[in-house]
Structure formats: structure tokens, C-alpha cells
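S.K.: The structure that follows is given in the form of C-alpha cells.
The values are calculated or read from the model by the stated rules, or taken from the named source; none is laboratory data. What you are looking at is a predicted structure, and each value in this text was computed from that prediction instead of being measured. Heads up, the Cβs are rebuilt from the backbone with ideal geometry, glycines too, and the neighbour counts pull from every protein chain shown.
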Amino acid sequence: MGTNVVDNKRIAKNTIILYIRTLFVMFVSLFTSRIILEELGVENYGISNVVGGLVGMFSVISASLTSASSRFITFEIGRGDKGALRKTFSTSIIIQASLAIIVFVVCELIGTWFLETQMQIPQGRMYAAKWVLQFSIISFCIGLITIPFGACIIAHERMSIYAYLSIFNSLMNLAICYLLTISPIDRLIFYSILGFLVNQTTTIINIVYCKRNFDESRGKITFDKEIFKKMVGFSGWSFYNNTTYILNNQGINMLINIFFGVAVNAARGIATQVENAVHQFVNNFTIAINPQITKSYASGDLESMHQLVCRGAKFSYFIMLIMALPIIIEAEQILNIWLINVPQYTIIFTQLALVMGMCDCIGSSGYTACIATGNLKRYSIIITSIGIMEFPIAWLFFAMGALPEYAYYTYIAVKITVLIVRMFLLESMVGLKVSMYSREVFVPIILTTTVAIIIPTLLSNYMEQTILRLFAVAAVSIISVSLCALYIGMTKNERCVIISKAKNLTLKFKHRIKP
């Protein structure tokens, strides 16, 4: 059996495992977020979101290290060098632990100062906000140290344990919802304590699994100077690149707090949660395909890598569109059913967050291809210089009296620009022709979207707003996007494979239920 066939089957298997996990996690997440909002109230929910986001601004460091650990561990697995793999893992542990200490000190000093002097916290809630900050800092620093363990699970493509950990986390969040209703102390403080305990339990399970299953995670911790130099050099440019993401997310969260207050932070938190829930369906696919992109590059198989990048971008978008379109069209009705009290701006935030997510998902496989090369200097300078403009532009808009949704409008425009520029960088870095990427990715995406949205939009405009319309729009949206993706967005070979897989699954299902 050919290597590509085996890899494709692995991708398909891992994707299915992750989808099962996502369906469960998504429904639990949507249920628990409603209960948590109700139990905490809009103000406390907003405080939790914005104070947690304050520490999240330092995740530019963890994001850089995650990229470095993931890339170098996956690369060594692709090369098959177990000795280098063990040294890489061990060195990354030392790097993370050292940075965790530095980050703890910096977060305590800067985070506390910013919370007390710059943020809009409702009167009487500063004490609780400080508790949220402390638990967020500790969780973040522990998470820094354990990054290599998570990178090992992804690099080895053990998606089942990844799925089990997510399901466990969701079950614990259900328990948190119940415990909040009988909280013996301040609910925001109690929520922070419980969240911290759940995160650390998951972390311990993660470490134990790696120790038992992966040789590189066992034994004496050693330091390799050459690997250290390579990882730090890679992380430096990755840090520069990831600064854009953090500034455009947590930074904007801080701006919204300063200009509009915690109630609008709550609206943004809800919109982000919806976008993250939908985006999980795309993440499942990219998590499964990204290690194959890196391994293809490590083995020198650029042709397979190019195909994976294009299909990854295109299929990620189609998956996102299937999930996002009915929510965008029927956001008002869905949010009114889901939440008891819908904070102001939640509807427009949710719609724009989903559009933003659709732009984001296209670039994931291309970004993986670029970082697989290990040469991020030129990429980071160009992409970051464009992407970082969203924060100052949004700040300017807010200072001029613009509504908070203008942050999303700006981000979407900047993200589209980044997608176009990245297309040219892919050609110079990994040899993926602009003409091929345009033909295989952008053209199918534009055509599919243009045709797919027509009928669901007409249906929503001409039907009265009822539950019947909600279900009708959802069903028609899914069918419309699926058919358009199949017959407009896919090549003949891709279509044949999808139809063949669907027939095989149908036959297996019929065979199992046959008496």
C-alpha cells in the first residue's frame, strides 16, 4: 500500500475521531456557557473574560514555543532520528521551564499594575478580579512548562487521547456549572478556583500519558546547545509573528474594556465562544493534516506537500462554511433561544467573528507549510507588518467614536490582505505556485460561497421569524453548501473520493442494522 494512501487513511481516521469529540464538546460548551453566564451575571462574566485575556496577552510566548516544539518534534519524527527527537524534547522542557519563571514575575508586576490602574472594573469587584488574575497566571505558567507533552501527542498523531482529554474537560465543566449554583463563596472567585483545578488535572493526565507511551518524554532531562539555538531562533521569529494574533485578540479585548466597559467584553466573550465552537470542526481537520504537511517537507516530498496545503485550505473553508452560514443568517434567533439575556452587540459580534474565522481557517495549512521550513525571518517580517495594523486602526476608530464592531471590520480586511500576501510567500518558500494556489483554493472558495448563500438568504428574508424558519434555513444552508462544495468547489477526483467514502459508510451502516 502506498505511503500517500496510508497517510490519507490516517488523516481520515484522526479527523473522524476528532469530529466525534467536537460534537460532544461543542454541545456541552454551548450549554455550560449559558449556565455560567446566568450564574455569574453579565458583569462577572465580562470580568472573567477580560482579566483572563490580560494574561492571555502573554500567550504570544506560549504560542511561539508551541509552534517551535511542534515543528521540531514533528520534523524529527519525520526524519526518524530517535536520538535527536529525545534531545529536542528534553531541550524544549528546559526552555519552557526557564521562561515560565520569567513570565510569572512579569505577569505579576505588569498584570497587577494594569488591572489596578488601567482597566474598567465595576466598583466592589476588584478583589474578585485579582483572584481571577492570580489563577490565570499560575495556570498559564504551568501550561508553558507542559507544552512539549501536548506537542508530542499531536506529532505522533494520537488523536484519540486528545479527544478523550477534551471530553473529560467538558464533563468537568458540567460539574463546574452545578457547583456554581451551590457556591459557598463569591461565585467569580469560586469559578476561577474550579477552572484552575480542571486545567491542572487535564495537564497531569497529559504528562502521564506521554511518559507511558513516548520514549522521548522519559529519562534524564538533558540540554543540547545546538538544538537550543535553533529552537530559540525559530521561536524568536515565531514570537514576532504571533504578536500580531495576540495583539489583535487580547489587545482588542483590552481596548473594548477601556472604551466600552465589561458588558461589551461579555458580548465579545460569547461571540468568541461561538466562533471557537464552530472553528473546532475545522481545527479537527487541520490538526489531523498539519503533521503530514511537516513530515512531507521533512522527507522532501514537496509535491504531496503542495497538494495537502491546497486541499487543507479549501476543505477547511468548506467545513467552516457549512457550520457558520446558518448561524450567520439566523444569529439573532439562535442567540435569543440559547441565552436568557443577550448582551448588547452580541449578535453583530457573533456574525462578524464567524466571517473572521472563515478567513482565518484558509491560511492554517499555508502557515504550517511555511513554518515547516524553519526559516521564518522573511515570513514573519512581512506577515506581521501587515497583520499588526489591525490594533492601531481599531484604536483610532474607537478614539474617533466608532462602534465596537469596527474592530471586526478592520480585522477581516487585514486578514484578507494577509491571505493574498501569504500566497506569494508560499511560492518563494516551498515552491507552491501562485497560479496553482489561486486555481485550487481561491477560485473554488469564491464560486462555492457565491452560489451557496443565495437560497438560504432568500429563505430567511421571505419567511417569518419562527422556529420553522430557523430549521429550514439551517437545513437548506447545509445542503446548499455541501452540494456547491461537491460540484463546484471540488475537482472530479476529490468528488469521486468523497462520494465513494459516503457510499461505503452507508453500506456499512446498512449492514450493521440489518437483522
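S.K.: Just checking, does segment 146-167 include any residue being more than 25 Å from Arg71 (Cβ to Cβ), in the same structural domain as Ala97 (by TED's automatic domain parsing), among the small types (Gly, Ala, Ser) and under 20 Å from the mean Cα position of the chain (by Cα)?
M.R.: No, because not a single residue in segment 146-167 is more than 25 Å from Arg71 (Cβ to Cβ), in the same structural domain as Ala97 (by TED's automatic domain parsing), among the small types (Gly, Ala, Ser) and under 20 Å from the mean Cα position of the chain (by Cα).
S.K.: Of all residues in segment 249-301, which are modelled with pLDDT under 80, of a type in the set (A, V, I, L, M) and within 19 Å of the chain's Cα centre (by Cα)?
M.R.: Result: Ala277, Val278, Val282, Ile287, Ala288, Ile289.
S.K.: Would you kindly identify the helices (runs of 4 or more DSSP H) lying entirely within segment 431-492 that contain at least 2 residues that are outside the structural domain of Leu419 (by TED's automatic domain parsing), surrounded by 19 or more Cβ atoms within 10 Å (Cβ to Cβ) and not hydroxyl-bearing (Ser, Thr, Tyr)? Before the answer, list the steps.
M.R.: Working: elements: 434-437, 443-452, 454-462, 467-484.
Helices (runs of 4 or more DSSP H) meeting the threshold: 467-484.
S.K.: OK, next. Which one of these does Ile322 not meet: (1) among the hydrophobic types (A, V, I, L, M, F, W, C); (2) buried (at least 24 other Cβ atoms within 10 Å of the Cβ); (3) within 19 Å of the chain's Cα centre (by Cα)?
M.R.: (2)
S.K.: Then there is this: So in segment 97-138, with the set limited to residues that are of a type in the set (Val, Ile, Thr) and surrounded by fewer than 17 Cβ atoms within 10 Å (Cβ to Cβ), which one is nearest to Leu197 (Cα to Cα)? Give the steps one after another, and end with the answer.
M.R.: Narrowing segment 97-138 to residues of a type in the set (Val, Ile, Thr): 101-103, 105-106, 110, 112, 117, 121, 132, 137-138.
Next cut, surrounded by fewer than 17 Cβ atoms within 10 Å (Cβ to Cβ) only: 101-102, 105-106, 110, 112, 117, 138.
Values: Ile101: 20, Ile102: 23, Val105: 22, Val106: 23, Ile110: 25, Thr112: 22, Thr117: 29, Ile138: 11 Å.
Top of the filtered list is Ile138.
S.K.: Could you tell me which numbered condition Ile362 fails, if it satisfies all but one of (1) more than 20 Å from Phe31 (Cβ to Cβ); (2) without any contact (Cβ under 8 Å) to a residue 40 or more places away in the chain?
M.R.: (2)
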